[in-house]
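Undergrad: One structure, as structure tokens, below. Some questions next.
The values are calculated or read from the model by the stated rules, or taken from the named source; none is laboratory data. The structure displayed is predicted, hence computed values, not measured ones. Virtual Cβ from ideal backbone geometry, glycine too; neighbours counted across all protein chains shown.
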Amino acid sequence: MSIAARKGKLSTKEKFNLIMDDFQLFARNFIKIIDNNSQVIPFVMNDEQSDFIGKMQKFNIILKSRQIGFSTMSLGYCLFNAVKYPNTRYMIVSLSNESVSGLFNTLKFMNDNLPRDKFSFPNTVRDNRGELVLNNGSRIQVASAEGKSSGIGRGQTFNYILLSEYAFYPGDQSKILVSLEQALAKNDKSKLVIETTANGAANFYYDLFQRSWKGKTNYNATFYGWISSAHRKQFKYEIDLAEEWYRAKNKGQRLHESDLSKIQQKLFEDGATLGQLMWREWKLSGMADSDFQQEFPSNPTEAFKTSGQNVFDQAKILERLEYIPEPLDKFELQSELPELLYSLLDKGLSIYHLCKHNQRYYGGVDVSSGSGNDFQALSIMNVDGEQVATFSNNKVSVYKFAEIIDAIGRYFNYALMAVERNGYGLPTIERLRNDYEYMNLYKHRTFDKKGNKRLELGWLTTDKTKAIMISDFKEAFEKRFLLINDKETLSEMMIFVEQNGKTGNKKGSNNHDDNVIAACLSWQSIKSNKWYVDN
């Protein structure tokens, strides 16, 4: 029964106490917000916000469509708890200084409009510099993730922490989270919430959400897409505009069930209204499919697709990421690996399958300087095209990497190794051949100036040979002729793009393609159908 329905049975104090025991009642009765029409209205929570409040646990991670309203909900939730519980602290972290300013202004508006003339809410001591302080000792802080790799909230304790648009945080996202996890109060009321739209698969958020979605972490994972009542309310103006647009294109007729395409029919069955489907068509008239799916996903898989001239089919990568195995446990490998390889298990080496007797293996090697920028990368596949091992490390010197290549190659039955000979690759090949007498090395064919055929050790990458290498690998992966087991390789494939006629990783901090190149080379090693040593 509502508060209004029980008005004759409750005193003002009793009604107040009832409201203060329920955040949704508090929001409806005491919090004011500004809607899309610039009108001041009560904060009546939408279905998605209400659903989350009912499901909220200690640690929470949300993947969502745009403008569901979780930041507004969190600001209201912090204010509710701050006025109710003295001497408590709350932290809202957003992406940029600009977004922090917007959030803080919303918080101040909520606080300024509490009915203090009617009820004994704590008064405001300070509301500037990103901090709201009440005279009951409680405070709410709003901070930016810009320029922060860690240290937010260090030395403080918070009862509620929100990380808004977390997937877009620059730098090391995991360090920011670890710092704030330690700052969460150790009591039964404290909560930490991560909420964001997706930002591709090449970041920590993607990994944390996927593991949480599968129940493998202590985070409660939830997804809220654009097929929702929140979307219908928040985007009502655009939905109405889209219907006018649709009618103008279709002789005054709106969309009917009989007009639905297969994709539209599936979305309709999932709960999208005909108005929302017309809105979707309207949006897609001015943006790419992948952009729409990232901003307005209907399921988690769609959310992690990225825009741009992606070389590899992202749907197939995401599908594979759903089923990749974990590397073999270090304990399982203790008696199986030589000492050098066992020591590398925590330093970039992952083994997915043990070496099988009398089976041939094929490797690809991408060599860098080992000075902390690009990675030394190696990928091993079996004769069936399944990736069985990888190595990736950006702090291994060239001479040490040669020793590692030799050890991995010999463990996998003297694998045929295709080492990229460009740059630091050539001295690596020479060290493998001369110092370690590793003879099973890929050779490419060249011609001298007299037209005589020659075989050169290693894979020489040129614009032409790189295009062949990438094209061959793309076809093999997408037709399932090969199987990638390594998460890092698949994540790099997600951001491997074609720009201005050249292929490589999408530019950005911590974006690399070394594992992709190593995997491509291992496939070329298989394709060569050569073997230069006795079995």
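Undergrad: I need the helices (runs of 4 or more DSSP H) fully contained in segment 39-124, keeping only those with at least 2 residues that are of a type in the set (Asp, Glu).
TA: Qualifying helices (runs of 4 or more DSSP H): 47-55, 97-112.
Undergrad: Of the conditions (1) surrounded by fewer than 16 Cβ atoms within 10 Å (Cβ to Cβ); (2) modelled with pLDDT under 90; (3) not aliphatic (A, V, I, L, M), residue 232 clears all except one; give me its number.
TA: It is condition (1) that residue 232 fails.
Undergrad: Determine whether segment 423-435 contains at least one residue that is touching a Ser or Thr at 6+ places or on another chain (Cβ under 8 Å), under 17 Å from residue 525 (Cα atoms) and not in a strand (DSSP E or B).
TA: No, that holds for no residue.
Undergrad: Please list, ordered by first then second residue, the pairs with beta carbon atoms under 7 Å, 6 or more apart or interchain, first in segment 278-307 and free of Cβ contacts under 8 Å to residues at least 40 places away in the same chain, second assigned to a loop (DSSP other than H, G, I, E, B) and aliphatic (A, V, I, L, M).
TA: Going by the 7 Å Cβ cut-off, the qualifying pairs are 278/255; 307/288.
Undergrad: Hey, can you tell me all the residues within segment 112-132 that are touching a strand residue (DSSP E or B) at 6+ places or on another chain (Cβ under 8 Å) and either in contact (Cβ under 8 Å) with a residue 60 or more places away in the chain or hydroxyl-bearing (Ser, Thr, Tyr) (or both)?
TA: Matches in segment 112-132: 113, 124.
Undergrad: Given the criteria closer than 26 Å to residue 517 by Cα and crowded, with 18+ Cβ neighbours inside 10 Å, does residue 293 qualify?
TA: Criteria not met by residue 293.
Undergrad: From (1) buried (at least 19 other Cβ atoms within 10 Å of the Cβ); (2) at pLDDT 85 or above; (3) under 27 Å from the mean Cα position of the chain (by Cα); (4) assigned to a helix (DSSP H, G or I), pick out the condition that doesn't hold for residue 266.
TA: Against the list (1) buried (at least 19 other Cβ atoms within 10 Å of the Cβ); (2) at pLDDT 85 or above; (3) under 27 Å from the mean Cα position of the chain (by Cα); (4) assigned to a helix (DSSP H, G or I), residue 266 comes up short only on (1).
Undergrad: Any residue at all in segment 200-208 that is of a type in the set (S, T, N, Q) and either touching a residue at least 60 places away in the same chain (Cβ under 8 Å) or in contact with a Gly (Cβ under 6 Å, 6 or more places away or on another chain) (or both)?
TA: no
Undergrad: Filter segment 401-421 for residues that are free of Cβ contacts under 8 Å to residues at least 40 places away in the same chain and surrounded by fewer than 21 Cβ atoms within 10 Å (Cβ to Cβ); which is nearest to residue 456 (Cα to Cα)?
TA: Once the filter is applied, the top-ranked residue is 406.
Undergrad: Counting only residues that are surrounded by 13 or more Cβ atoms within 10 Å (Cβ to Cβ) and of a type in the set (A, V, I, L, M, F, W, C), which one in segment 5-23 is modelled with the lowest pLDDT?
TA: Restricting to residues being surrounded by 13 or more Cβ atoms within 10 Å (Cβ to Cβ) and of a type in the set (A, V, I, L, M, F, W, C), the top hit is 10.
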